[in-house]
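Asker: Quick one: this structure, given as structure tokens, is what I'll be asking you about.
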Amino acid sequence: MFAQSIIPLYTRSYYAQKNTWDPFYAALFGVVLNAFFAYVLSRRYGVPGLALSLSIASTAQLLALVLGPQIKASYLSSKSVMRTIRQTCYGATAMFIAVYGVMWLVGPVLDLFTVRGVLIHFLVPSAAGVLVYIVVLKALGSSEYAVYEQLARTKITNVIRPSLPHVGTG
């Protein structure tokens, strides 16, 4: 499922360059491949064959998106884009580990048959994951972190110092 989660990231990088056709063709390729493998593998393996089919098709679609610019010698093969994608993957991996680690720690302590327990079981790991993601992006010097920081400063400033009504001269 790694490929399934990275595909939107690559697709957005194409969209940022006003290129919608390459992601469309990659998705079409993935859908056709998924249909073919779903038919073949489900006959032999049943439902697990469908899951395997989706994994194969998603990986092929991701490869088409990743290798497409290198084949076309396009804009996405630049080092800065690849660096941003790598940093985001590191942050997402650390976030995943933090979320599941915290869930593993607090899960046995909570009563998951109550709304409060389920809510805490959701909120605490989520907050830990977001915090770890932001810390990793900052540690790696990500340009995305600078965007998040500027957005947070703007929101906090607007809350602390709301705009005052302008007094006219009469």
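The values are calculated or read from the model by the stated rules, or taken from the named source; none is laboratory data. Small disclaimer: the values here were computed from a predicted structure and weren't measured. Using ideal geometry, Cβ is built from the backbone for each residue, glycine included, and neighbour counts are taken over all protein chains shown. Protein only, heavy atoms only, side chains kept; ligands, DNA and RNA dropped before computing areas. Shrake-Rupley method; radii C 1.70, N 1.55, O 1.52, S 1.80 Å.
Asker: Can you give me the angle between helix 21-45 and the longest principal axis of the chain, using Cα atoms only, in degrees from 0 to 90, rounded to the nearest 10?
Answerer: Roughly 50 degrees between the two axes.
Asker: What part of the accessible area of segment 19-121, given as a whole %, is carbon or sulfur when the probe is 1.4 angstrom? If you can, show how the numbers build up before the last one.
Answerer: Details: 5120 of 6940 Å².
That fraction is 74 percent.
Asker: Cut-off 10 angstrom, C-alpha nodes, Gaussian network model of the chain. Which of A128, A51, A26 fluctuates the most?
Answerer: Greatest mean-square fluctuation among the candidates belongs to A51.
Asker: Which value in deg cm²/dmol, rounded to the nearest 500, describes the helix-derived mean residue ellipticity at 222 nm for the chain, given -39,500 (n - 2.57) per DSSP H run of n ≥ 4 and division by the residue count? Present the calculation step by step, with values, prior to reporting the outcome.
Answerer: Working: 6 runs with 138 residues, N = 170.
Taking each H run of at least 4 residues, the total per residue is -28500 deg cm²/dmol.
Asker: Multiply the residue separation of L119 and V106 by 0.36 nm, subtract the distance between their alpha-carbon atoms, and state the gained length in nm to one decimal.
Answerer: Full-extension gain reported as 3.5 nm.
Asker: Can you tell me which of 55-61, 38-44, 98-104 comes out highest on packing, and rank the rest after it, using the mean Cβ neighbours within 10 Å?
Answerer: Numbers: 55-61: 19.7, 38-44: 13.4, 98-104: 16.0.
The most tightly packed comes first, giving 55-61, 98-104, 38-44.
Asker: Within the P(r) computed for segment 8-150, what percentage of the Cα pairs occupies the region above 21 Å? Walk me through the intermediate numbers first.
Answerer: Numbers: 6315 of 10153 pairs.
The share of Cα pairs beyond 21 Å in segment 8-150 comes to 62 percent.
Asker: Taking 37 °C and 0.692 mPa s as the conditions, I'd like the Stokes-Einstein D for segment 91-168 in µm²/s, using the Kirkwood hydrodynamic radius from alpha carbon pairs.
Answerer: Numbers: Rh = 14.9 Å.
Reported coefficient: 220 µm²/s.
Asker: With every protein chain kept in place and ligands, DNA and RNA left out, what is the accessible area per residue of the chain? Probe 1.4 Å, answer in Å². Write down the numbers at each step before the final one.
Answerer: Working: 12190 Å² over 170 residues.
That works out to 72 Å² for each residue.
Asker: Express in nm, to one decimal, how much length is gained between V147 and S55 on full extension, taking 0.36 nm for each residue of separation and deducting their alpha carbon distance. Walk me through the intermediate numbers first.
Answerer: On the way: separation 92, 0.36 × 92 = 33.12 nm, distance 3.27 nm.
Using 0.36 nm per residue and subtracting the Cα-Cα distance, I get 29.8 nm.
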